[in-house]
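Nothing in this text is a laboratory measurement; each read-out follows from the coordinates by a stated rule. Not measured: the values here are computed from a predicted model. As a convention, Cβ positions derive from the backbone with ideal geometry for all residues, glycine included, and neighbour counts pool all protein chains shown.
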Amino acid sequence: MVPGRDRSRPGDLIVTSEQTGLPAHSADWSTHAGVPLVRTLASAMLQLNEKTGLTAFTLPYPEEAQRALDRTVLACLVKGATPPASLIELVSWCRSTPLVDWPLDLPPDVIGPDDRLLDEDSGRPTELCHEWSERTRDTAVALRDREIISTALRLCRDYGEEDAYTAFRGLLVNRPVLTTAESFEVFGDLVLEPVHELIRRIYLTAPASHLRRGEYVCCGRCRTLLTPVRGGDWWCERDRCRRQGPAPLGRRLHQEDVGEVFHLERPLRQFVTGPGLAEAALQDKLTALGLVVRMWPGYDAYDLLVTFPDGVRWAIDVKDWANPVFLGRAARPVPQEPPYDEAFWVVPRHRVTARPGYVSVFERSRPAHARGLRLLTDGELVARATARLREGTTRA
Ligand SMILES: [Zn+2]
């Protein structure tokens, strides 16, 4: 048994509006024509990337791409700007021109000074592009990553196996790439039995766009497949990784030796693997302080439950989002169960460094029912935990 080879989507996945986490206060966005336009552009870039690697275009253009081009042309005409002459030019804009310089009508704060839909160096979709495509919808359309996670939760609950769910999350975070032999191993793992079929559907045959001379290479930091770019270099899809410098080359998988290679599908790499690495890093730091940390307690009610020696408990959700407006709009109180004394949302520090005013933009964008939700960086949270431990020692 190996993961599914086709890209068809299972139609029987169920998601509730609560799990989509969509904000209730979305009416104000509809007054800005730029929001649906950037969303269309982002979806078009993701589709083109999937189909052609954003290099070769032939007429007729894919529907979403044509729509993106048409809408951009109209927006340019309204603002008296010269519109893009072709899809190739539109793609080139997405790569070379920060969104802030586009003739768009957008709500305040939604664009950072360097935001682009395509990476300048590799020409590949940025993490922001994925967020624009997946995190800006106003209707309760099912989000792919949440669909999968809620399905996994349901399956594991039906089996009464919280361990299965934890193992599933661990698989997505730690092993986004599987060789054929490794997939046999996963399907032989009885703990994961409730989600075997689901795993088969979300690990897809790695596309040739990741191949160079018959070889796939994994990022030494992120474990996902790197993309070959000009000059013999390799490009990592994670913003954080690229900011740390050139990707360290990790596992090298020669097709001839390992056979088929499977890559976790992109929405899950973006919204589960990436944040999962940030969650794991935070878990390590808090455990090193001597605190007891439980991951994804209560079937993933939140990400980390931290218990101090005096019994005080903190609930933490880690949110690795590039855009603070999208994050603010998705803000909601941390679920009450399993019970805790204090709750935080935590964002990796690199996000706050990359976007000026990240935390205040987040706070301004929160809906009324989430006004009390605190957002800290991972560094601030660890400092706060350290201070609390120190106070405890002094008191004792
Ligand atoms: Zn990386």
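Shown in residue order for segment 98-114 are the 3J(HN,Hα) couplings computed by the Karplus curve 6.51 cos²θ - 1.76 cosθ + 1.60 at θ = phi - 60°: x, 4, 4, 9, 7, x, 10, 9, 10, x, x, 6, 6, 10, x, x, 10 Hz (x for Gly and Pro). Cross-link partners of Lys319 among lysines, defined as those whose alpha carbon lies under 24 angstrom from its own and excluding same-chain residues fewer than eight positions apart: Lys285. Rg of the Cα atoms in segment 198-323, relative to 2.2 N^0.38 Å, amounts to 1.27.
Considering only Val361, Val35, Val312, the Gaussian network model of the chain with Cα springs below 10 Å gives its largest mean-square fluctuation to Val312. A Gaussian network model of the chain, with springs between Cα atoms under 10 Å, assigns the largest mean-square fluctuation among Tyr302, Tyr340, Tyr159 to Tyr159. Determine the sum of side-chain charges near Val258: Lys and Arg each +1, Asp and Glu each -1, restricted to other residues whose C-beta is under 12 angstrom from that of Val258. With Lys, Arg at +1 and Asp, Glu at -1, the net is -3. Eigen-decomposition of the gyration tensor built on the alpha-carbon atoms of segment 342-396 gives equivalent ellipsoid semi-axes of 26, 15, 7 angstrom, largest listed first. A viscosity of 1.306 mPa s and a temperature of 10 °C, combined with the Kirkwood radius over Cα pairs in Stokes-Einstein, give a translational diffusion coefficient for the chain of 71 µm²/s.
Mean projected area of the convex hull spanned by the Cα atoms of segment 158-216, taken over all viewing directions: 4.4 nm².
When the Gaussian network model of the chain links Cα atoms closer than 10 Å, the mean-square fluctuations of Glu127, Glu185, Glu279 top out at Glu185. Summing +1 for each Lys or Arg and -1 for each Asp or Glu among the other residues whose beta-carbon sits under 14 angstrom from that of Val73 gives +1.
If you take the alpha carbon atoms of segment 269-395 and fit the smallest convex hull around them, that volume is 106 Å³ per residue.
Over all Cα atoms in segment 55-177, the spread is summed up by Rg and Dmax: 19.4, 61 Å.
Compactness of segment 144-267, taken as the C-alpha radius of gyration over 2.2 N^0.38 Å, stands at 1.13.
Evaluated over the Cα positions of segment 151-191, the convex hull gives a direction-averaged projected area, one quarter of its surface, of 2.9 nm².
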